[in-house]
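Asks: Supplied in structure tokens, the structure appears directly below.
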Amino acid sequence: MPDHPLPLPRTLDDVPELPGALPLLGHMPARIRNLAAFNTRALATCGPMFWCNAGLGVRELVIADPRITELLKARQASVSFYEDAVSSLIGGSLLTMDGEPHRRVRSTMGPAFSPKMVRSSDVITVVDEVARKHVERWLAAGRVEVLAATQELALEIIVRLIGIASDDLPRWRTMYQRYLKGALPTMIDTPLHWWARRARDFIDRGLADIVAQLRASGRSDTLAGSIANARDEQGELLPVAQIVPNLRVLVLAGHETTASSLAWTILFQARDADSQARAKTEVEAAAHEGVELGALALDGERFTWAEKQFREALRLYPPVATIVRRLAEPLEFQGVEIPAGTQVAVPILYFMREGSSWTEPRSYQPERFETRPRPTTIDTLMFGGGPHFCLGYHIAIAEGTLALLTLARMLADAGMTMVPERPNTPLEPHWVPLTHPPPKAAVRFVRA
Ligand code: HEM
């Protein structure tokens, strides 16, 4: 990690204020317009620690020093403020819990997400089945708008994984879309919020039924079953009221994130005939050796070409580009006393592109992942850090890799390749609320 040319401030009084904030909206419009350019400019102007105006009166202390991972681990770094801000959306879940209550739920649910369970539960079977179904549709249609297509795919995977039957999917999808409206700022309660809460209650009743059935059956060979039947250190099952918001949040946390990285990889691959040839060779070699794609996706010894691409998209376009904590108590960071109540923003995107030790970090080069070294906490910062590090990390990597392998296999079997619909239009990212490629960017499937 290269040192930043400007040093960290010595005291809180030395922390500079980023200029250019608009009245009321602060730096929000600049961040939305081009977060990468905003970060570069801000860091060049102010150095690795500065005050930024996040809009609507919220002041944030942005810290772009690699030791930030220590702050993320500190007990003072709290996420419980989300409970006030977006409670109808993520309230009662791991994403809003601190300290011992968070540790208890996380350590009870955690084993269901371990690499061992990703291998032995229904994760690979579900991803395999759903990916084949969706890719078949894409090829038959001859053209897809990639982001919408990968969102449909990832939504079906996660909804199936939390235990919802395939024929119930359309109803759940509708309810889920309504529930997302709960993300609107909650300063005023509108009929839309009421509608979103009703959809959430529908989802929660359904999930409570699923938990009850899974407990009655005692099944723990599926992701949902191993969560529902997990016991804490005292041997107790978690209360249903605690499991339900966490199952619901899996859909939110695990769907658009994976879909975004998958969409980037497909769009890049469509623009690169060599990359497609490499993907084809990889799946043909696997077929020749009798290796199942699921097993290939879980290869712990080396990176497949599919995984390299997925990891590179995650690095260059981290779906969650910034994470935020609020200090529950004062905290000293590299000699700077930060008071309680301060909102700290961690610019993940900056670390991925400029604060890392990668060569040519601003370009898409999947081949940079040659060996499988133990990644540093900065290398995996796109999945967060500290006790809230993404619980679905192993699922996300396996899912993205297997979906790409499936696409390569089905293209090869059909004698088809992908071409971009508008090869000369740059793929300008959207940064807020999650990073994703342009929604209208499409690929066509043509005879090879
Ligand atoms: C490429 C895909 C994904 C990315 C980039 C991603 C990224 C993240 C990030 C940045 C966080 C917050 C960490 C923090 O605040 O420090 C997080 C948390 C979380 N993610 Fe993921 N995620 C992905 C996929 C998934 C999937 C597939 C699942 C579930 C199957 C999942 C479940 C969760 C959960 C439950 C949390 C909350 C953990 C906690 O607060 O203890 N994520 N993820």
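Asks: In a GNM of the chain with a 10 Å cut-off on Cα contacts, which of ARG31, ARG325, ARG248 has the highest mean-square fluctuation?
Replies: ARG31
Asks: At 7 Å along the Cα-to-beta-carbon direction for both TRP195 and THR125, put a label point, then send me their distance in nm to one decimal.
Replies: 3.8
Asks: Compare the Cα positions of ALA199, PRO330, PHE369 along the charge dipole of the chain (+1 at Cβ of Lys, Arg; -1 at Cβ of Asp, Glu; about the Cα centre) and return the one farthest towards the positive end.
Replies: Result: ALA199.
Asks: With a 10 Å Cβ neighbour count serving as the proxy for reagent exposure, in which order, fewest first, do GLU354, GLU136 appear?
Replies: So the residues, fewest neighbours to most, are GLU136, GLU354.
Asks: Taking neighbour Cβ counts within 10 Å as the exposure measure, how do THR257, THR342, THR265 sort from fewest upward?
Replies: If I rank by nearby Cβ atoms, fewest first, I get THR342, THR257, THR265.
Asks: Can you give me the relative contact order of the chain as a percent, contacts being Cα pairs under 8 Å and 6 or more apart?
Replies: 24
Asks: With a point put 7 Å past each Cα toward its Cβ, work out how far ASN34 is from ARG132 in nm, to one decimal.
Replies: The answer from the label model is 4.5 nm.
Asks: Less than 22 Å apart at the alpha-carbon level, and either on another chain or at least 8 residues along: which lysines does that give for LYS116?
Replies: Reachable lysines: LYS308.
Asks: Rounded to the nearest 20 Debye, what is the dipole magnitude of the chain about its Cα centre when Lys and Arg each give +1 and Asp and Glu each give -1 at the C-beta?
Replies: 780
Asks: Which of these, ALA77, ALA306, ALA414, has the largest mean-square fluctuation under a Gaussian network model of the chain (Cα springs below 10 Å)?
Replies: Fluctuation is largest for ALA414.
Asks: Would you look at the GNM of the chain, springs on alpha carbons closer than 10 Å, and say which of LYS280, LYS116, LYS73 moves the most?
Replies: Residue with maximal mean-square fluctuation among LYS280, LYS116, LYS73: LYS116.
Asks: Right, here's the next one. Give me Rg/Rg_expected for the stretch 31-138, where Rg uses Cα atoms only and Rg_expected = 2.2 N^0.38 Å with N residues. If you can, show how the numbers build up before the last one.
Replies: Numbers: Rg = 19.8 Å, N = 108, 2.2 N^0.38 = 13.0 Å.
Relative to the rule-of-thumb radius for its length, the stretch 31-138 sits at 1.52.
Asks: Taking R0 as 51 Å, what's the FRET efficiency between SER217 and ASP84 from their Cβ-Cβ distance, rounded to 0.05?
Replies: The pair SER217/ASP84 has a calculated efficiency of 0.85.
Asks: Need one number: the % of Cα-Cα pairs in the chain sitting beyond the 32 Å mark.
Replies: Roughly 40 percent, rounded to a whole number.
Asks: Checking the a/c ratio against 1.5 first, then a/b against b/c, what shape does the Cα gyration tensor give for the stretch 172-295?
Replies: oblate
Asks: Hey, another quick one. So if each residue of separation counts as 0.36 nm, and I subtract the Cα-Cα distance between THR376 and LEU434, what length gain in nm does that give?
Replies: Gain on stretching THR376 to LEU434: 18.5 nm.
Asks: Same structure again: Using the beta-carbon distance between ARG362 and ALA148 and R0 = 25 Å, what value does 1/(1 + (r/R0)^6) give for FRET efficiency, to the nearest 0.05?
Replies: 0.40
Asks: In whole angstrom, how far apart do the alpha carbon centroids of the stretch 268-310 and the stretch 101-166 sit?
Replies: The stretch 268-310 and the stretch 101-166 have Cα centres separated by 19 Å.
Asks: Continuing with this model, one more query. Relative to the compact globular guide of 2.2 N^0.38 Å, what is the alpha carbon radius of gyration of the stretch 245-323, as a ratio? Let's see the in-between values first.
Replies: Values: Rg = 14.8 Å, N = 79, 2.2 N^0.38 = 11.6 Å.
So the Cα radius of gyration is 1.28 times the expected 2.2 N^0.38 Å.
Asks: Return the distance in nm (one decimal) between the two label points of a simple spin-label model at LEU237 and SER107, each offset 7 Å from Cα along Cα→Cβ.
Replies: 2.2
Each value in this text was obtained by applying a stated rule to the coordinates, not by laboratory testing. Bear in mind that the values here come from a model prediction, so they are computed numbers and not experimental data. Here the Cβ is made from the backbone with ideal geometry for all residues, glycine too, and neighbour counts use every protein chain on show.
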